[in-house]
Structures are given as C-alpha cells and as structure tokens.
Amino acid sequence: MPRGSKDAYTDKQKRQARHIEEGYREKGLSEDEAERRAWATVNKQDGGGKKSGSGRKRTTR
C-alpha cells in the first residue's frame with residue numbers, strides 16, 4: 001500500500017476525518033493543513049487505520 005493511502009481506514013474513520021477537516025477549514029487553515037491535522041486527529045483517537053474482523057487484538061487500558 002503506498003504511503004498516504006487511506007484504504008486501511010473504515011468508513012466511519014473516513015467520515016470523522018472529513019468532518020474534522022471541515023472544522024479546520026472553517027477556522028481558516030489551508031486545505032492541505034486541514035487534511036493533515038484531521039487524519040492526525042483520527043490516528044490519535046483510534047490508533048491508525050483498522051480493518052474490522054473477529055480476532056482483532058484488543059488494547060488493554
């Protein structure tokens with residue numbers, strides 16, 4: 001998978017990133033910076049791209 005590909009993300013994560021990006025755009029950030037920050041936020045919340053399926057290791061808190 002090439003660097004920057006968003007294929008590993010779920011539809012929910014992609015929707016979250018779009019919504020976060022819109023918020024940054026409303027604050028006056030450039031399109032590139034808003035997109036970068038939106039994906040960084042999604043990664044921080046969810047730990048990066050995920051694939052669904054049983055047997056996925058759960059993180060302990």
Of those in the range 1-23 that are of a type in the set (S, T, N, Q) and modelled with pLDDT of 90 or more, the residue nearest to GLY49 (Cα to Cα) is GLN13
The range 8-32, subset in contact (Cβ under 8 Å) with a residue 24 or more places away in the chain and assigned to a loop (DSSP other than H, G, I, E, B), residue surrounded by the most Cβ atoms within 10 Å (Cβ to Cβ): TYR9
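The values are calculated or read from the model by the stated rules, or taken from the named source; none is laboratory data. In this text, all values refer to a predicted model and were calculated from it rather than measured experimentally. Cβ atoms come from the backbone with ideal geometry, glycine included; neighbour counts cover every protein chain shown.
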